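Heads up: the structure comes next, in C-alpha coordinates.
The values are calculated or read from the model by the stated rules, or taken from the named source; none is laboratory data. Keep in mind the model is a prediction, meaning the values are calculated, not measured. Positions of Cβ are generated from backbone atoms using ideal geometry, with glycine treated the same way; all protein chains shown enter the neighbour counts. Accessible surface is based on the protein model in full, side chains and every heavy atom, while ligands, DNA and RNA are left aside. Shrake-Rupley method; radii C 1.70, N 1.55, O 1.52, S 1.80 Å.
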Amino acid sequence: MQLHCPALDRFVPDGTAFDAAAARTTHLGIGAHPDDLEIIAIPGILAAYASADAWFTGVVACDGAGSPRNGRYADLSDSEMAATRREEQRQAAALGRYGLQLQLGFSSAEARSADLVDCLAAVLLACRPGTLFLHNLADAHATHRALARSTLSALRQLPEDAWPGAVYGVEVWRSLDWLPERHRVALPIEDPTGLQAQLLRCHDSQVKGGKRYDTAILARQQANATLTESHGVDNMAACLLAMDLAPLLENAELDADRFLADCLETFRADLGL
Ligand SMILES: [Zn+2]
(Lines give C-alpha, C1' and ligand atoms only; values in the text may rest on other atoms or scores of the structure.)
Protein backbone atom coordinates (compact mmCIF):
# COMPACT_ATOMS: atom_id res chain seq x y z
CA MET A 1 0.00 0.00 0.00
CA GLN A 2 1.48 3.34 -1.10
CA LEU A 3 0.20 6.26 0.98
CA HIS A 4 1.13 9.88 0.39
CA CYS A 5 0.28 11.60 3.63
CA PRO A 6 1.86 14.61 5.36
CA ALA A 7 3.06 12.69 8.43
CA LEU A 8 2.07 9.06 8.14
CA ASP A 9 2.46 7.01 11.31
CA ARG A 10 1.94 3.26 10.84
CA PHE A 11 1.88 0.82 13.70
CA VAL A 12 1.31 -2.93 13.66
CA PRO A 13 1.07 -4.01 17.31
CA ASP A 14 1.89 -7.69 16.67
CA GLY A 15 4.71 -6.95 14.21
CA THR A 16 3.07 -8.48 11.13
CA ALA A 17 4.32 -7.02 7.82
CA PHE A 18 2.44 -3.86 6.85
CA ASP A 19 0.72 -5.10 3.67
CA ALA A 20 -0.27 -8.38 5.31
CA ALA A 21 -1.66 -6.45 8.29
CA ALA A 22 -3.82 -4.38 5.92
CA ALA A 23 -4.98 -7.41 3.95
CA ARG A 24 -6.26 -9.27 7.04
CA THR A 25 -8.63 -6.42 7.96
CA THR A 26 -12.25 -7.40 8.62
CA HIS A 27 -13.41 -4.24 10.44
CA LEU A 28 -12.15 -0.76 9.55
CA GLY A 29 -12.69 2.51 11.40
CA ILE A 30 -11.94 5.95 9.95
CA GLY A 31 -11.98 8.69 12.59
CA ALA A 32 -10.98 12.34 12.52
CA HIS A 33 -8.93 12.55 15.71
CA PRO A 34 -7.04 10.31 18.11
CA ASP A 35 -9.79 8.92 20.45
CA ASP A 36 -12.63 8.95 17.87
CA LEU A 37 -12.01 5.32 16.87
CA GLU A 38 -12.56 4.14 20.43
CA ILE A 39 -16.05 5.71 20.19
CA ILE A 40 -17.27 5.18 16.61
CA ALA A 41 -15.62 1.85 15.88
CA ILE A 42 -15.89 0.13 19.25
CA PRO A 43 -18.18 -2.66 17.94
CA GLY A 44 -15.49 -3.60 15.42
CA ILE A 45 -12.67 -3.27 17.95
CA LEU A 46 -14.52 -5.55 20.40
CA ALA A 47 -15.44 -8.08 17.69
CA ALA A 48 -11.80 -8.38 16.60
CA TYR A 49 -10.54 -8.50 20.20
CA ALA A 50 -12.82 -11.47 20.89
CA SER A 51 -12.01 -13.46 17.74
CA ALA A 52 -8.87 -15.01 16.28
CA ASP A 53 -10.29 -14.60 12.77
CA ALA A 54 -11.25 -10.91 12.84
CA TRP A 55 -8.90 -7.94 12.66
CA PHE A 56 -9.54 -4.27 13.28
CA THR A 57 -7.68 -1.57 11.37
CA GLY A 58 -7.94 1.98 12.68
CA VAL A 59 -7.33 5.11 10.60
CA VAL A 60 -6.98 8.52 12.23
CA ALA A 61 -7.04 11.21 9.56
CA CYS A 62 -6.13 14.41 11.43
CA ASP A 63 -3.47 15.18 14.03
CA GLY A 64 -5.69 16.61 16.79
CA ALA A 65 -3.23 19.46 17.32
CA GLY A 66 -5.96 21.97 18.16
CA SER A 67 -7.68 20.02 20.93
CA PRO A 68 -8.59 21.69 24.25
CA ARG A 69 -6.03 21.14 27.02
CA ASN A 70 -5.86 21.44 30.74
CA GLY A 71 -3.85 20.37 33.80
CA ARG A 72 -0.38 19.02 33.01
CA TYR A 73 -1.15 19.33 29.28
CA ALA A 74 -2.13 23.02 29.48
CA ASP A 75 1.21 24.37 28.31
CA LEU A 76 1.81 22.02 25.37
CA SER A 77 2.27 23.65 21.97
CA ASP A 78 0.07 22.40 19.10
CA SER A 79 2.90 20.25 17.73
CA GLU A 80 3.64 18.79 21.18
CA MET A 81 -0.07 18.07 21.59
CA ALA A 82 -0.16 16.27 18.22
CA ALA A 83 2.84 14.13 19.23
CA THR A 84 1.26 13.31 22.59
CA ARG A 85 -2.01 12.29 20.99
CA ARG A 86 -0.23 10.17 18.34
CA GLU A 87 1.46 8.20 21.11
CA GLU A 88 -1.82 7.82 23.02
CA GLN A 89 -3.46 6.38 19.90
CA ARG A 90 -0.62 3.87 19.57
CA GLN A 91 -1.16 2.83 23.20
CA ALA A 92 -4.86 2.25 22.51
CA ALA A 93 -4.01 0.21 19.42
CA ALA A 94 -1.62 -1.98 21.43
CA LEU A 95 -4.05 -2.46 24.32
CA GLY A 96 -6.96 -3.21 21.98
CA ARG A 97 -4.84 -5.60 19.84
CA TYR A 98 -5.66 -3.73 16.64
CA GLY A 99 -4.39 -5.41 13.51
CA LEU A 100 -3.06 -2.12 12.13
CA GLN A 101 -3.12 1.53 13.20
CA LEU A 102 -2.61 4.31 10.65
CA GLN A 103 -2.39 7.98 11.56
CA LEU A 104 -2.36 10.09 8.41
CA GLY A 105 -1.32 13.43 9.95
CA PHE A 106 -3.59 15.82 8.02
CA SER A 107 -4.66 19.09 9.64
CA SER A 108 -8.35 19.65 10.39
CA ALA A 109 -8.45 22.21 7.57
CA GLU A 110 -7.47 19.43 5.13
CA ALA A 111 -10.31 17.08 6.12
CA ARG A 112 -12.07 17.67 2.82
CA SER A 113 -8.91 17.75 0.65
CA ALA A 114 -8.41 15.68 -2.50
CA ASP A 115 -5.15 14.33 -1.08
CA LEU A 116 -6.96 12.93 1.93
CA VAL A 117 -9.68 11.38 -0.27
CA ASP A 118 -6.96 9.66 -2.36
CA CYS A 119 -5.25 8.42 0.79
CA LEU A 120 -8.51 6.98 2.16
CA ALA A 121 -9.29 5.30 -1.16
CA ALA A 122 -5.86 3.59 -1.08
CA VAL A 123 -6.46 2.38 2.48
CA LEU A 124 -9.95 1.09 1.63
CA LEU A 125 -8.65 -0.75 -1.41
CA ALA A 126 -5.82 -2.39 0.54
CA CYS A 127 -7.98 -3.31 3.54
CA ARG A 128 -11.29 -4.26 1.85
CA PRO A 129 -13.19 -4.34 5.16
CA GLY A 130 -16.49 -6.17 5.56
CA THR A 131 -17.69 -3.52 8.00
CA LEU A 132 -16.73 0.16 7.93
CA PHE A 133 -17.28 2.67 10.75
CA LEU A 134 -17.00 6.39 10.07
CA HIS A 135 -18.42 9.66 11.32
CA ASN A 136 -22.01 10.55 10.48
CA LEU A 137 -23.12 13.31 8.13
CA ALA A 138 -24.99 15.26 10.84
CA ASP A 139 -22.24 15.36 13.49
CA ALA A 140 -21.98 18.72 15.27
CA HIS A 141 -18.18 18.85 14.68
CA ALA A 142 -17.34 20.32 11.26
CA THR A 143 -14.17 18.20 10.90
CA HIS A 144 -16.15 15.02 11.57
CA ARG A 145 -18.72 15.96 8.92
CA ALA A 146 -15.99 16.85 6.43
CA LEU A 147 -14.21 13.54 6.99
CA ALA A 148 -17.48 11.60 6.59
CA ARG A 149 -17.95 13.21 3.18
CA SER A 150 -14.32 12.57 2.23
CA THR A 151 -14.72 8.92 3.20
CA LEU A 152 -17.86 8.61 1.06
CA SER A 153 -15.95 10.21 -1.86
CA ALA A 154 -13.18 7.65 -1.37
CA LEU A 155 -15.70 4.78 -1.24
CA ARG A 156 -17.14 5.87 -4.56
CA GLN A 157 -13.71 5.48 -6.21
CA LEU A 158 -13.66 1.78 -5.33
CA PRO A 159 -14.57 -1.05 -7.68
CA GLU A 160 -17.80 -2.75 -6.61
CA ASP A 161 -15.99 -5.89 -5.45
CA ALA A 162 -14.13 -3.79 -2.85
CA TRP A 163 -17.27 -2.26 -1.29
CA PRO A 164 -17.79 -2.95 2.41
CA GLY A 165 -20.86 -4.99 3.30
CA ALA A 166 -21.92 -2.44 5.93
CA VAL A 167 -21.14 1.29 6.25
CA TYR A 168 -22.05 2.94 9.55
CA GLY A 169 -21.86 6.70 10.25
CA VAL A 170 -21.66 6.71 14.03
CA GLU A 171 -22.62 9.38 16.60
CA VAL A 172 -20.03 11.40 18.54
CA TRP A 173 -20.95 15.08 18.77
CA ARG A 174 -24.77 15.24 18.71
CA SER A 175 -26.74 12.07 19.28
CA LEU A 176 -28.60 10.26 16.52
CA ASP A 177 -31.80 9.37 18.38
CA TRP A 178 -33.69 11.89 16.18
CA LEU A 179 -32.76 10.03 13.01
CA PRO A 180 -35.71 8.39 11.19
CA GLU A 181 -35.88 4.69 11.93
CA ARG A 182 -35.26 3.55 8.36
CA HIS A 183 -31.88 5.30 8.32
CA ARG A 184 -30.89 4.39 11.88
CA VAL A 185 -29.03 1.32 13.12
CA ALA A 186 -28.46 0.37 16.76
CA LEU A 187 -25.05 -1.29 17.10
CA PRO A 188 -24.94 -3.46 20.26
CA ILE A 189 -21.91 -3.09 22.52
CA GLU A 190 -20.86 -6.30 24.24
CA ASP A 191 -17.88 -5.52 26.39
CA PRO A 192 -17.54 -8.07 29.22
CA THR A 193 -13.97 -7.02 30.12
CA GLY A 194 -14.60 -3.26 30.17
CA LEU A 195 -12.10 -2.74 27.35
CA GLN A 196 -13.74 0.40 25.95
CA ALA A 197 -13.22 2.46 29.12
CA GLN A 198 -9.57 1.33 29.24
CA LEU A 199 -9.09 2.31 25.59
CA LEU A 200 -10.64 5.73 26.17
CA ARG A 201 -8.36 6.25 29.17
CA CYS A 202 -5.33 5.71 26.90
CA HIS A 203 -6.20 9.21 25.64
CA ASP A 204 -5.00 10.73 28.88
CA SER A 205 -4.50 14.21 27.40
CA GLN A 206 -8.23 14.30 26.68
CA VAL A 207 -9.68 12.48 29.70
CA LYS A 208 -7.36 14.04 32.31
CA GLY A 209 -7.26 17.16 30.17
CA GLY A 210 -10.90 17.84 31.03
CA LYS A 211 -13.14 15.65 28.84
CA ARG A 212 -14.49 12.54 30.65
CA TYR A 213 -15.17 10.46 27.57
CA ASP A 214 -14.44 7.30 29.57
CA THR A 215 -17.64 7.75 31.57
CA ALA A 216 -19.79 9.90 29.25
CA ILE A 217 -19.57 7.63 26.21
CA LEU A 218 -20.40 4.52 28.22
CA ALA A 219 -23.34 6.32 29.83
CA ARG A 220 -24.68 7.38 26.43
CA GLN A 221 -24.46 3.82 25.15
CA GLN A 222 -26.41 2.53 28.16
CA ALA A 223 -28.99 5.30 27.78
CA ASN A 224 -29.43 4.47 24.10
CA ALA A 225 -30.33 0.87 24.95
CA THR A 226 -33.20 2.03 27.16
CA LEU A 227 -34.39 5.28 25.59
CA THR A 228 -34.28 4.71 21.85
CA GLU A 229 -37.30 2.41 21.73
CA SER A 230 -40.25 3.53 23.87
CA HIS A 231 -42.56 0.57 23.22
CA GLY A 232 -40.28 -2.40 23.84
CA VAL A 233 -38.26 -3.67 26.78
CA ASP A 234 -34.48 -3.30 26.68
CA ASN A 235 -33.01 -6.03 24.51
CA MET A 236 -29.36 -5.06 24.89
CA ALA A 237 -27.22 -3.59 27.65
CA ALA A 238 -25.67 -0.81 25.57
CA CYS A 239 -25.65 0.38 21.99
CA LEU A 240 -24.36 3.04 19.66
CA LEU A 241 -26.64 4.71 17.15
CA ALA A 242 -25.46 5.03 13.57
CA MET A 243 -26.60 6.23 10.16
CA ASP A 244 -26.88 3.41 7.67
CA LEU A 245 -24.76 4.90 4.87
CA ALA A 246 -24.65 1.85 2.60
CA PRO A 247 -27.41 3.32 0.35
CA LEU A 248 -25.06 6.17 -0.58
CA LEU A 249 -22.66 3.61 -1.97
CA GLU A 250 -25.24 1.40 -3.67
CA ASN A 251 -27.28 4.21 -5.24
CA ALA A 252 -25.07 6.47 -7.37
CA GLU A 253 -27.94 8.97 -7.68
CA LEU A 254 -28.12 9.51 -3.92
CA ASP A 255 -25.67 12.10 -2.59
CA ALA A 256 -25.06 13.24 0.99
CA ASP A 257 -27.17 16.40 0.65
CA ARG A 258 -30.21 14.50 -0.63
CA PHE A 259 -29.80 11.84 2.01
CA LEU A 260 -29.72 14.46 4.79
CA ALA A 261 -32.68 16.34 3.30
CA ASP A 262 -34.69 13.13 3.36
CA CYS A 263 -33.74 12.51 7.01
CA LEU A 264 -34.84 16.02 7.98
CA GLU A 265 -38.11 15.83 6.02
CA THR A 266 -39.01 12.58 7.74
CA PHE A 267 -38.14 14.10 11.11
CA ARG A 268 -40.40 17.10 10.39
CA ALA A 269 -43.23 14.78 9.41
CA ASP A 270 -42.71 12.81 12.66
CA LEU A 271 -43.21 16.08 14.58
CA GLY A 272 -46.35 16.86 12.59
CA LEU A 273 -44.84 19.96 10.95
ZN1 LIG B 1 -13.02 14.04 16.87
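The table for this structure:
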{"read-out": "Test: residue in region 206-214 that is of a type in the set (S, T, N, Q), under 22 Å from ARG145 (Cα atoms) and surrounded by fewer than 21 Cβ atoms within 10 Å (Cβ to Cβ)", "value": "no"}
{"read-out": "Condition met for ARG128 (charged (D, E, K, R), closer than 22 Å to SER150 by Cβ and away from the ligand (no atom under 16 Å from the Cβ))", "value": "yes"}
{"read-out": "Hits in region 168-193 (condition: in a strand (DSSP E or B) and open to solvent by less than 30 Å² (accessible area, probe 1.4 Å))", "value": "GLY169, VAL170, VAL172, LEU187"}
{"read-out": "Conditions (1) open to solvent by less than 40 Å² (accessible area, probe 1.4 Å); (2) assigned to a helix (DSSP H, G or I); (3) farther than 24 Å from PHE267 by Cβ: number failed by LEU104", "value": "(2)"}
{"read-out": "All positions within region 83-101 that are among the aliphatic types (A, V, I, L, M), open to solvent by 10 Å² or more (accessible area, probe 1.4 Å) and at pLDDT 95 or above", "value": "ALA94, LEU95"}
{"read-out": "Residue within region 77-96 that is within 16 Å of HIS203 (Cα to Cα), in a loop (DSSP other than H, G, I, E, B), more than 13 Å from the ligand (Cβ to nearest atom) and in contact (Cβ under 8 Å) with a residue 12 or more places away in the chain present", "value": "yes"}
{"read-out": "Subset of region 185-223 that is in contact (Cβ under 8 Å) with a residue 24 or more places away in the chain and among the small types (Gly, Ala, Ser) - its residue that is nearest to GLU88 (Cα to Cα)", "value": "SER205"}
{"read-out": "Selection count where residues are touching a residue at least 60 places away in the same chain (Cβ under 8 Å) and open to solvent by 50 Å² or more (accessible area, probe 1.4 Å), scope region 8-23", "value": "5"}
{"read-out": "Residue that is farthest from the ligand (Cβ to nearest atom) [pool: residues in region 147-165 that are open to solvent by less than 20 Å² (accessible area, probe 1.4 Å) and of a type in the set (Gly, Ala, Ser)]", "value": "ALA162"}
{"read-out": "Residues (more than 16 Å from the ligand (Cβ to nearest atom) and not hydrophobic (A, V, I, L, M, F, W, C)) located in region 48-63", "value": "TYR49, SER51, ASP53, THR57"}
{"read-out": "Qualifying residues in region 30-43 (those that are within 12 Å of the ligand (Cβ to nearest atom) and within 8 Å of the chain's Cα centre (by Cα)) - the one nearest to LEU125 (Cα to Cα)", "value": "ILE30"}
{"read-out": "Residue within region 57-70 that is among the charged types (D, E, K, R) and open to solvent by 70 Å² or more (accessible area, probe 1.4 Å) present", "value": "no"}
{"read-out": "Residues (part of a helix (DSSP H, G or I) and of a type in the set (Gly, Ala, Ser)) located in region 207-233", "value": "ALA216, ALA219, ALA223, ALA225"}
